[in-house]
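Participant: Mind having a look at this structure? Questions to follow.
The values are calculated or read from the model by the stated rules, or taken from the named source; none is laboratory data. The shown structure was predicted, so the numbers you read here are calculated from the model rather than taken from an experiment. With ideal geometry, Cβ positions are generated from the backbone for all residues, glycine too; neighbour counts draw on all protein chains shown.
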Amino acid sequence: VSQLQMMKQMMMSIPKDAVLINANENPLGPCEAARAAIASSANKGGRYDFFEMMTLMDVFGKQNNISPDSISVYGGSSEPLHYSVLSYTGPGKNLVAADPTYEAAGRAAEISGAKTIKTKLTSTYAHDVKAMAAADPNAGVIYLCNPNNPTGTITSREDILWLLDNKPKGTMLMVDEAYIHLSDAESVVDQTANRKDIIVLRTFSKIYGMAGIRCGFAVAHPDVLKKLEERGQNPMAITSCIAGRVSLEDKDLIPTRKAYIGQARMETIKFLTDNNYKVIPGSQSNCFMIDTGRNGRQVMAAMAQKKVIIGRTWPIWPNTVRITVGTKEDMAKFRTAFKEVMDTPVK
Ligand code: PLP
């Protein structure tokens, strides 16, 4: 069964009024300025528009002190993530990734004929950069997600810079910063200016609330971006580019949303720990994990019965489920349902 078919089956079984805290989405959606920009740019939708794409790259470049030549815009970060793995891994050029982490890179590695070498997280749930550097002297790509999905935990800039200097010379480091603005993690996007062995990914799907609008960046040396471009090109939606740009220009967006989601996360985690549930500590993101002490898939199913759709387990931790931070109202419903589920003994 393809992923799309699985998704269709799952979506059909979800009641319309369910709380959706399963996919690390942002329930706040695009900001006001982005919504207005989308509406007002629809009339230009008959054109392939490169001007808005350039303007978006220009604004992002100026804000981050990056040359526009080092930025490529895509419909989300999934596309450059896949292209990077397909370009730099293959038989004998393996992928190194943490366990647990976001699995998209692993799926692309399967297609390229590479193996995925998994390294455990450290005792503080950071990436174990020493283990990653030593995992395979011929590694094609090391994938590092900061903050990590699903744990929400961060890896220090110091550690990532150490990894850059100590990984095998021919290995590409891909740093996925999808959730960076929800956390205090420090970006390493500046490293793309002088090196050809790092790709940084950003997306508008998380703090910017544009998962359904689709916009993201690959930031890397122009030669690296050219290699990704050879995998495929696709003109961007004008609505995505304009919504992305005005979101970048909205000075309040990051602090306001980071505070709102952070507060909802902390309130929920406080409830869970007060009730003696075991939370994986250290999340600074819009997701965190609970070790339920029982089969995680059964907990997911029991929660779904109560119309609260929570995230999944990872094979390394079959009892541990990922929870996305929704609105404060979503999290209130989650708390009630979770306690009811956990108060019901397993048969
Ligand atoms: N990277 C990480 C770590 C993610 O969690 C996701 C989506 O959940 C993505 C990348 C891909 O997101 P998008 O293609 O919407 O940018």
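Participant: Within segment 194-212, track down each residue that is within 9 Å of the ligand (Cβ to nearest atom) and closer than 16 Å to Cys145 by Cα.
Facilitator: Those that are within 9 Å of the ligand (Cβ to nearest atom) and closer than 16 Å to Cys145 by Cα: Leu201, Arg202, Thr203, Phe204, Ser205, Lys206.
Participant: Restricting the search to segment 102-123, which residues are of a type in the set (A, V, I, L, M, F, W, C) and touching a residue at least 40 places away in the same chain (Cβ under 8 Å)?
Facilitator: Matches in segment 102-123: Ala105 only.
Participant: Among the hydrophobic types (A, V, I, L, M, F, W, C), assigned by TED's automatic domain parsing to the domain that holds Leu173, away from the ligand (no atom under 14 Å from the Cβ) and at pLDDT below 95: which single residue out of Ala133, Ala139, Ala109, Ala42 fits that description? Before you say what the answer is, go through the steps one by one.
Facilitator: Details: Ala133 fails: at pLDDT below 95; Ala139 fails: at pLDDT below 95; Ala109 fails: at pLDDT below 95.
After applying the criteria, what remains is Ala42.
Participant: Name the pairs whose Cβ atoms lie under 7 Å apart, with the first residue in segment 46-59 and farther than 15 Å from Gly75 by Cβ, the second of a type outside the set (S, T, N, Q), and 6 or more positions between them or separate chains?
Facilitator: Thr55/Arg245; Asp58/Pro68; Val59/Arg245; Val59/Leu248; Val59/Glu249
Participant: Starting from segment 285-300, keep only residues that are crowded, with 24+ Cβ neighbours inside 10 Å, then list their pairs with residues that are among the small types (Gly, Ala, Ser) and assigned to a loop (DSSP other than H, G, I, E, B) whose Cβ atoms are within a distance under 6 Å, requiring at least 6 positions of separation or different chains.
Facilitator: So the pair list comes out as Ser285/Gly152; Ser285/Ser183; Cys287/Gly152; Phe288/Gly152.
Participant: Please go through segment 146-159 and give me each residue that is surrounded by 24 or more Cβ atoms within 10 Å (Cβ to Cβ) and either in a helix (DSSP H, G or I) or touching a Leu at 6+ places or on another chain (Cβ under 9 Å) (or both), ordered by number.
Facilitator: Pro147, Asn148, Thr151, Gly152, Thr153, Thr155
Participant: Give, as residue ranges, the strands (runs of 3 or more DSSP E) completely inside segment 1-107 that count at least 2 residues that are β-branched (Val, Ile, Thr) and surrounded by 14 or more Cβ atoms within 10 Å (Cβ to Cβ).
Facilitator: Answer list for segment 1-107: 19-21, 71-74.
Participant: Which residues, taken from segment 176-193, are among the charged types (D, E, K, R) and either part of a helix (DSSP H, G or I) or within 11 Å of the ligand (Cβ to nearest atom) (or both)?
Facilitator: Asp176, Glu177, Asp190
Participant: Any idea which of (1) away from the ligand (no atom under 16 Å from the Cβ); (2) in a loop (DSSP other than H, G, I, E, B); (3) closer than 23 Å to Ser70 by Cα is the one Leu164 doesn't satisfy?
Facilitator: (2)
Participant: What tally of residues in segment 215-259 results from selecting those that are in a helix (DSSP H, G or I), away from the ligand (no atom under 16 Å from the Cβ), buried (at least 17 other Cβ atoms within 10 Å of the Cβ) and not basic (Lys, Arg)?
Facilitator: Residues flagged as in a helix (DSSP H, G or I), away from the ligand (no atom under 16 Å from the Cβ), buried (at least 17 other Cβ atoms within 10 Å of the Cβ) and not basic (Lys, Arg) within segment 215-259 amount to 6.
Participant: Do any residues in segment 207-221 that are within 13 Å of Ile238 (Cα to Cα) have Cβ atoms under 8 Å from those of residues that are outside any loop (DSSP other than H, G, I, E, B) and near the ligand (Cβ under 9 Å from one of its atoms), where the two are at least six apart or on different chains, and which pairs are they?
Facilitator: Sorted first by the residue in segment 207-221, then by its partner, the pairs are Cys215/Tyr74; Cys215/Thr203.
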